[in-house]
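What follows is one structure encoded as structure tokens, with my remarks underneath.
The values are calculated or read from the model by the stated rules, or taken from the named source; none is laboratory data. Note that the coordinates shown come from a computational prediction; the quantities given were computed from them, not determined experimentally. Here the Cβ is made from the backbone with ideal geometry for all residues, glycine too, and neighbour counts use every protein chain on show. Accessible surface is based on the protein model in full, side chains and every heavy atom, while ligands, DNA and RNA are left aside. Shrake-Rupley method; radii C 1.70, N 1.55, O 1.52, S 1.80 Å.
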Amino acid sequence: MIRFDEVSVRYGEEEAPALGPLDLTVPEGELCLVVGPSGVGKSTLLNAVSGLVPHFTGGTLRGRVTVAGRDTREHRPRDLADVVGTVGQDPLAHFVTDTVEDELAYGMESLGLPRDTMRRRVEETLDLLGLAGLRDRPIATLSGGQQQRVAIGSVLTAHPRVLVLDEPTSALDPAAAEEVLAVLQRLVHDLGTTVLMAEHRLERVVQYADRIVLLPGPGRAAVPGEPAAVMAR
Ligand code: ADP
Ligand code: ADP
């Protein structure tokens, strides 16, 4: 579902790439963790999948990234809303509307779906994320865990095949983190969505992982051609 062929990303004129060169395959319907020390390129890897690299963050991408068979370089992220959904670390940075229901609807705007399909998908997503009781609430009045679920819901209404999350539980207390992780597990198991998630608190998430991509730390990053260790559980 996700494939990297000899992918490397450089920012500016730096000699060493911020990521790669890296080959990677993540099959459909798996939850894959990306782990490694700070600065090792986890966010860059996720951004290469979501298309933020090379379209928005200024990195230069070599090699080829395909998601559901589509080359991310050839499509802008908003044109891939039904292929890859992206949720950042800070849910507040994500929101563009006021209420929960409007936010979920917004994620489908670029798809040109019929009105009744959009309505059905909002209902289905409210239920999936346990947000039905909060539909009319201003997002600003919700807890951190609720906000993170709204951020996830707003990309899920497009029914993306792949969901990319950058440390989605880092600002959450353990109970709220559990709720978010339980939702991700349901997505993978019940709907066959592929989830790619960066996380530094391995102990929180490792039990949910089908696959772990470990980016090498500073001691190894300088070795040319060194592959990332990819472990399947
Ligand atoms: P991680 O997520 O593992 O902390 P990042 O992917 O954020 O790692 O960063 C990898 C390296 O690339 C770091 O040295 C970081 O400073 C650099 N970097 C990340 N994003 C940018 C950017 N938009 N412009 C320039 N340098 C960047
Ligand atoms: P439509 O595709 O017309 O919007 P539905 O919203 O009823 O119709 O969803 C159709 C199918 O999509 C259902 O079988 C449902 O299980 C599945 N589905 C629901 N949520 C998601 C999701 N987030 N990603 C992928 N498929 C989903």
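Here are some residues: VAL49, VAL67, VAL7. Which one is within 16 Å of ligand 2 (Cβ to nearest atom), out of contact with any Cys (no Cβ under 6 Å at 6 or more places or on another chain) and at pLDDT 95 or above?
Details: VAL49 fails: within 16 Å of ligand 2 (Cβ to nearest atom); VAL7 fails: within 16 Å of ligand 2 (Cβ to nearest atom).
Answer to the check: VAL67.
Please work out if ALA176 is open to solvent by less than 60 Å² (accessible area, probe 1.4 Å) and without any contact (Cβ under 8 Å) to a residue 12 or more places away in the chain.
Numbers: open to solvent by less than 60 Å² (accessible area, probe 1.4 Å): yes; without any contact (Cβ under 8 Å) to a residue 12 or more places away in the chain: no.
Judged against the criteria, ALA176 is not a match.
Residues to consider are ALA151, ALA158, ALA177; find the one that is touching a His at 6+ places or on another chain (Cβ under 6 Å) and away from ligand 1 (no atom under 16 Å from the Cβ).
Numbers: ALA158 fails: touching a His at 6+ places or on another chain (Cβ under 6 Å); ALA177 fails: touching a His at 6+ places or on another chain (Cβ under 6 Å).
Exactly one of ALA151, ALA158, ALA177 is touching a His at 6+ places or on another chain (Cβ under 6 Å) and away from ligand 1 (no atom under 16 Å from the Cβ), namely ALA151.
Among what's in the stretch 169-192 and is touching a Gly at 6+ places or on another chain (Cβ under 7 Å) and modelled with pLDDT of 95 or more, pick the residue that is farthest from LEU142 (Cα to Cα).
GLY192
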Discussion item. Condition (residue is more than 25 Å from SER50 (Cα to Cα) and either more than 14 Å from ligand 2 (Cβ to nearest atom) or not in a helix (DSSP H, G or I) (or both)) applied to the stretch 121-130: is it met by at least one residue?
Written reply: yes
Response to the item:
The lone condition ALA48 fails out of (1) at negative phi; (2) part of a strand (DSSP E or B) is (2)
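Tell me the residue from VAL53, VAL7 that is open to solvent by less than 30 Å² (accessible area, probe 1.4 Å), touching a residue at least 40 places away in the same chain (Cβ under 8 Å) and not in a helix (DSSP H, G or I), please. Don't jump to the end; show me each part of the working.
Numbers: VAL53 fails: not in a helix (DSSP H, G or I).
On inspection, the qualifying residue turns out to be VAL7.
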Discussion item. Exactly one of these conditions fails for LEU92: (1) at pLDDT below 95; (2) surrounded by 15 or more Cβ atoms within 10 Å (Cβ to Cβ). Give me its number.
Written reply: (2)
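Matching residues to (1) open to solvent by less than 50 Å² (accessible area, probe 1.4 Å); (2) outside any strand (DSSP E or B); (3) within 12 Å of ligand 1 (Cβ to nearest atom):
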{"residue": "SER38", "(1), (2), (3)": "no, yes, yes"}
{"residue": "THR44", "(1), (2), (3)": "yes, yes, yes"}
{"residue": "THR57", "(1), (2), (3)": "no, yes, yes"}
{"residue": "ASP82", "(1), (2), (3)": "no, yes, no"}
